[in-house]
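Working notes, structure below.
The values are calculated or read from the model by the stated rules, or taken from the named source; none is laboratory data. Here the structure is a predicted model, which is why all the values come from computation and not from measurement. In this analysis, Cβ positions are derived from the backbone assuming ideal geometry, glycine residues included, and neighbour counts consider all displayed protein chains. With ligands, DNA and RNA removed, areas are computed over all heavy atoms of the protein, side chains included. Shrake-Rupley method; radii C 1.70, N 1.55, O 1.52, S 1.80 Å.
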Amino acid sequence: MKNKRIRWGVIGCGSVAEKKSVPAYQQTKGFEVFMVMRRNKEKAANYASRHGIPQWTTDAKEVIENPNIDAVYIATPPDSHKQYGLCVAKAGKPCCIEKPMAPSYKDSLAIFQAFQKKELPLFVAYYRRSLPRFLQVKKWLDTEEIGKVRHIRWLKTKPPNAMDLGEAYNWRTDAKVAPGGYFDDLASHGLNLFTFLLGEIEMANGFAQNQGGLYTAYDSVTGSWVHKNGITGEGSWNFLTHHREDVVEIFGSKGKISFAVLDEAPIILENTSGKKVLEIPHPQHVQKFHAENIKNHLCGYGTHPSMGESGLHTSWVMDSILGTL
C-alpha cells in the first residue's frame, strides 16, 4: 500500500465517527473514506452527505466485500465487533476496530486469531497511545524523571446522566453489549494507556457491583494489578457519585506524575527539581495521530502503537478485574 491511495469503508457512523475518527481519516494524506454503513437508511445518507463521502449503504456486507474498499474501520458498539471483524478478516482486508475490542476476552481472542491467521494488520482505536500529551508522560517515565516507578492509581467518578436516569436506551449500560457498563467504555482507555506507559500486566483482579440499579451493567468497579516489571496498580471507577473526577498518579522513587485520562487537564511532573505543569491540547479530531500512524504502518514506515495484540491484552485485564475470565 506504500504508493497507493487507501480507500476506507466505515461500518457504523454514530457519535464516535462524527468528529473523533472519520474526519481524522479524511484529513490523513493518502486516505479516502469511500463508503459508510449505518442500518438506518436516512441517517446513513445524511452522514455521507454532510461528510462528503461518495457512497453509503445499510448493509455491512456491501462495505466489506466492495472491491473498491482497501481497509475497513468498525465503529459500532462492541457486541458486533466479532461478527464484523471475522468477516473483514475473511475478506482479506486490514481493519481498525473501535475500543473495547469486544465485550469479552474470548471474543477479542477470536478476532485477533482471525487476523493473525491471515497475516493482516489489525488496529484497535486506543488512540491515546498516539497523542502528544501522553507521549510526553511516557518520555518523562522513560528518562526516569521520577526515578524508578513504584505504583500507579486512577480514580474515575461521574454522576448519572439523563440517559442513566431516564428510559432512553444506552448500549454503554446494557450488560449484553457492555457487561462492565461505563467501565468497558471508559476504563478501557486508561488500562490500555497504562500498559503502553508501564508495560504489560501479569496479574489483575477486582470486584464489580451494580449499586444503583439504574441499568443492567455494573456501575461500580474496583481493581488492582501488577505489571510484569513489578510496578503495582489500583483503580476505582464509580458512575454514581455527585461529582466528576479523573485523576491518575504515578509514584516513583524520586517524584510523581499526575494527569487525567479522559478529561481535559494538564500533565504535572513533581520531583526534586520542582514542579512542572504542561498544557498539551488534543487535536480537533482526536484520532488524528492515530489515523496518521495507521497510514505509516500500512506504508511500511514503522509499527502502529495500538495493534490487535495490545487491544487483546487490555480485554484480558478488564475481564480479570471483572472476574469474568
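Numbers for the structure displayed
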item	result
Filter on Lys156/Lys288; Lys156/Lys228; Lys148/Lys254; Lys20/Lys99; Lys2/Lys61 - keep pairs with C-alpha separation over 19 Å	Lys156/Lys288; Lys156/Lys228; Lys2/Lys61
Percent accessible area from carbon and sulfur atoms, the range 179-236, protein chains only, probe 1.4 Å	51 percent
Rounded to the nearest 10 Å², the accessible area of Met1 at probe 1.4 Å	80 Å²
Cα centre as origin, Lys/Arg/Asp/Glu Cβ charges: the chain dipole, Debye	920 debye
Computed helical MRE - 222 nm, the chain, DSSP H runs ≥ 4 contributing -39500 (n - 2.57), nearest 500	-9000 deg cm²/dmol
The range 1-89: trypsin sites (Lys or Arg not before Pro) in DSSP coil with no more than 15 other Cβ atoms inside 10 Å	Lys2, Lys4, Arg5, Lys19, Lys29, Arg39
Å² of accessible area per residue within the range 164-307, as computed with a 1.4 Å probe and no ligands counted	45 Å²
Helix 132-142 axis, angle to the chain major axis (alpha carbon atoms, nearest 10°)	50 degrees
Neighbour cut-off at most 10 other Cβ (10 Å), DSSP loop, GluC sites (Glu not before Pro), the range 109-202	Glu119, Glu167
Restricting the range 204-313 to chymotrypsin sites (Phe, Trp or Tyr not before Pro) in coil, as DSSP defines it, with at most 13 other Cβ within 10 Å	Tyr301
Selection from Ala125, Leu269, Val72 lying farthest towards where the dipole of the chain points positive, charges on Cβ	Val72
FRET efficiency for His242 and Ile280, using Cβ-Cβ distance with R0 set to 35 Å, rounded to 0.05	0.75
Charge-dipole axis of the chain as Lys and Arg at +1 and Asp and Glu at -1 on Cβ define it, positive-most pick from Leu214, His189, Ala204	His189
Rounded if a/c under 1.5, otherwise prolate or oblate - the chain, Cα gyration tensor axes	prolate
Per residue accessible area of the range 1-139, 1.4 Å probe, in Å²	44 Å²
For the range 62-170: rounded, prolate or oblate by the Cα gyration tensor [a/c cutoff 1.5]	oblate
Dipole of the chain [Lys/Arg +1, Asp/Glu -1 at C-beta], most positive-end residue of Ala48, Ala17, Ala178	Ala48
